[in-house]
Amino acid sequence: MNTILRKSVLGVAGLAFAGGVFAGPAAAHAAPSVESVPVAVAVAVQADKPSVDMAKLVPHGVQGAQSRVDLSDEQVGNVKAIIAATKKAGMDERAAVVSIATALQESKLENLGHLGDRNDHDSQGLFQQRPSSGWGTVEQITDPEYSTMAFLKGLKQVDGWQDMPLTKAAQTVQVSAYPDHYAQWEQQAADLVAEHWNS
């Protein structure tokens, strides 16, 4: 009886050992856990996303000290609206950089309504365009697509804007009292276009 019991125990132990040896390496090659799947998917999506040539975005290098602000979801939404309008206008990534840098300077990419005493005359929207200067109605210039298209229409009329420093191209359209202030946003604008142009 002891011999039979002993053989049974050894047999069960042998099966457990063999199962562990065989199951161990097989488990190592099993499908990844659920926690690791999103990382793999994110990497695959990032790898498939075509990159934007930074030399096209900032062809002359940035001028002067650069500023940067953290953006809310609403501001990022406005970046995407500017990029979409730029594509709709048939213009390239550099036009988007000029547009976004301009909106960063004018409104920090916030679609501003009338600010009362703090308003610069009747300036409103992303580009601080003025109804009294012929940019459109309040409803139009506070629409991100319309205001971007209006800015780009002005930019297209600037001969050689593609070869100008960003601040000169933006100033020619905007006619700001602070013409050199657009330059400080060029790097952040280029980074935003690189991030969102193909998204």
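Tabulated data
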item	result
Environment charge of VAL98, counting only residues whose C-beta is closer than 15 Å and scoring Lys/Arg +1, Asp/Glu -1	-2
Computed lengthening from GLU110 to THR172, 0.36 nm per intervening residue step minus Cα-Cα distance	20.1 nm
Modelled FRET efficiency - R0 30 Å, LYS87 with HIS60, Cβ distances, 0.05 increments	0.85
Two-decimal Rg to Rh for segment 128-199 - Kirkwood Rh, Cα set	0.98
From phi via Karplus (6.51, -1.76, 1.60), per-residue ³J(HN,Hα) for segment 62-68 in Hz, x at Gly/Pro	7, 10, x, 5, 9, 10, 8
Sites matching chymotrypsin sites (Phe, Trp or Tyr not before Pro) across segment 92-194 that sit in DSSP coil, with at most 16 neighbouring C-beta atoms within 10 Å	none
Of LYS87/LYS153; LYS80/LYS108; LYS56/LYS156; LYS108/LYS153; LYS88/LYS153; LYS87/LYS156, those spanning more than 19 Å from alpha-carbon to alpha-carbon	LYS108/LYS153
Convex hull of Cα atoms in segment 64-199, direction-averaged projection (nm²)	7.8
Percent carbon-and-sulfur accessible area, segment 67-174, ignoring ligands, DNA and RNA, probe 1.4 Å	45
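The values are calculated or read from the model by the stated rules, or taken from the named source; none is laboratory data. Just so it is clear, the structure is predicted and the values come from calculations on it, not from any experiment. Cβ sites come from the backbone with ideal geometry, for glycine too, and all protein chains shown count toward neighbours. What goes into the accessible areas is simple: the full protein's heavy atoms, side chains included, and nothing from ligands, DNA or RNA. Shrake-Rupley method; radii C 1.70, N 1.55, O 1.52, S 1.80 Å.
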